[in-house]
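Please read the structure below before turning to the comments.
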Amino acid sequence: MQMRGSEFIQRFNQYCPEWLAEEGDPIGLHIGTLNKEVDRIMMSLDVRPAVVAEAIDKKIDLLIVKHPPIFRPVSRLTTDDVQTKMYADLIKHDIAVFAAHTNMDIIENGLNDWFCDALDVLDTKYLIHTHTVKMKKLAVYVPHTDAKKMRQVLAEAGAGEQGDYQATSFTVNGTGRFTPNSEANPTIGSANVPEQVQESKIEVIFPETKQAEIEAAMLTAHPYEEPAYDIYPLDNLAENYGIGRVGNLAKAIPTDEFIAKVKATFQLEGLRVVYPHTAKKMIKRVAICGGSGEKFYRDALAANADVYITGDVYYHTAHDMQETGMLVIDPGHYIESLCKEKMVALFEQWKNEEDWTVDFFVSETSTNPFSFK
Ligand SMILES: [Zn+2]
């Protein structure tokens, strides 16, 4: 089945919603349009001239990236400047560019979870809280004979998910009473005649972020001209999200062995280590935040981490870190390139589910500016 760019991004956003990004993060569509058919989609960490050349060569229609390419406002679109020439080349070849950045770091089963999986870090939770999504409850009244269908529609729209349980609901049966006036066009009953119907009240919970689609699904499925329903906020239930992860190794391992494990896992030529003056001999509790997470090192300390793994550590911050007793490993920002294969594996899964005919590509270009000599 031919697919439009907007259709792919709709599926992408279900997994990695834009509202999960940090405030001011310029995610989303950066270049081109999603209002076109797409046959070839490529995943890259960055947009660099070599990536653009690869995309042109592979006849890519849509490029998905972790790092938003237009991070600062563009004041000129000249092709003599390397950065803006990339934008012009992408437009010239009708290659759309879409970025998911901090939302990919925060989402469950996202990049920081993949890092934990790669390093055998278990029992993980987020390191820094970023978002709370409140839960709401919908109570809808339908004729008894429509209750089963309504429960199904609500579950398909994503209502009733609670922990490891799906399609949860509560139904109570009762009597609905109404009198249609002469303007009404009632599904059941006649104008000006008091009516009573055996009705079911169905209650489901849902996150507030899904309200629009759940309400729309309910209204479409409801047989009545004027559906009766209530939506109310819940004080006792919420979903929390955060950036970075902290968890434990199955058993403590010597510090140098853990450093070697990080190096081998991410196939690094080298990495930087900030040894504390009072270095621990064993590592059990691991905190990690991909990208540039040095500003969160106190959160890693507060979470009792033996080691904090993050990129782009600054010299003076490293001095502060060294006094804490916590080991810090800086494997570089480029370990985030793990997202390329992981995302494309997800894309392939969606392709099977949705019966798309699109081809996906993992960018083969290394965009790591650093090397070790
Ligand atoms: Zn990054």
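Checking each residue in region 80-100 for being of a type in the set (Val, Ile, Thr) and open to solvent by 80 Å² or more (accessible area, probe 1.4 Å) picks out VAL82, ILE91.
Results for (1) more than 16 Å from the ligand (Cβ to nearest atom); (2) β-branched (Val, Ile, Thr); (3) at pLDDT below 95, shown as yes or no for each residue.
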position: GLN14; (1), (2), (3): yes, no, yes
position: TRP19; (1), (2), (3): yes, no, yes
position: ARG40; (1), (2), (3): yes, no, no
position: VAL51; (1), (2), (3): no, yes, no
position: LYS66; (1), (2), (3): no, no, no
position: ASP89; (1), (2), (3): yes, no, no
position: ASP94; (1), (2), (3): yes, no, no
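Just one of (1) open to solvent by 30 Å² or more (accessible area, probe 1.4 Å); (2) in the same structural domain as LYS342 (by TED's automatic domain parsing); (3) under 20 Å from the mean Cα position of the chain (by Cα); (4) away from the ligand (no atom under 16 Å from the Cβ) fails for ASP117. It is (2).
Of the residues making up region 284-331, those that are away from the ligand (no atom under 14 Å from the Cβ) and in contact with a Leu (Cβ under 7 Å, 6 or more places away or on another chain) number 11. Beta carbons closer than 6 Å, at least 6 apart along the sequence or on distinct chains, pair a first residue in region 1-21 that is closer than 14 Å to MET343 by Cα with a second that is modelled with pLDDT of 95 or more for ILE9/LEU34; ARG11/TRP350; CYS16/ALA100; CYS16/ASN103; CYS16/MET104; CYS16/ILE107. With respect to the conditions (1) closer than 18 Å to PHE347 by Cα; (2) more than 16 Å from the ligand (Cβ to nearest atom); (3) in contact with a strand residue (DSSP E or B) (Cβ under 6 Å, 6 or more places away or on another chain), ILE31 lacks only one, and its number is (1). Consider ARG72 carefully, then state whether it is within 18 Å of PRO26 (Cβ to Cβ) and open to solvent by 70 Å² or more (accessible area, probe 1.4 Å). Taking the combined requirement at face value, the residue satisfies it. The set of residues from region 15-35 being over 11 Å from ILE95 (Cβ atoms) and over 20 Å from the mean Cα position of the chain (by Cα) comprises just one member, ASN35.
For region 330-373, name all the residues that are in a loop (DSSP other than H, G, I, E, B) and surrounded by 12 or more Cβ atoms within 10 Å (Cβ to Cβ).
Listed by number, the residues that qualify are PRO331, GLY332, TRP356, VAL358, SER363, GLU364, THR365, SER366, THR367, ASN368.
The values are calculated or read from the model by the stated rules, or taken from the named source; none is laboratory data. Quantities reported herein were computed from a predicted structural model and do not represent experimental measurements. Neighbour counts run over all protein chains shown; Cβ positions are idealised from the backbone, glycine included. Accessible surface is based on the protein model in full, side chains and every heavy atom, while ligands, DNA and RNA are left aside. Shrake-Rupley method; radii C 1.70, N 1.55, O 1.52, S 1.80 Å.
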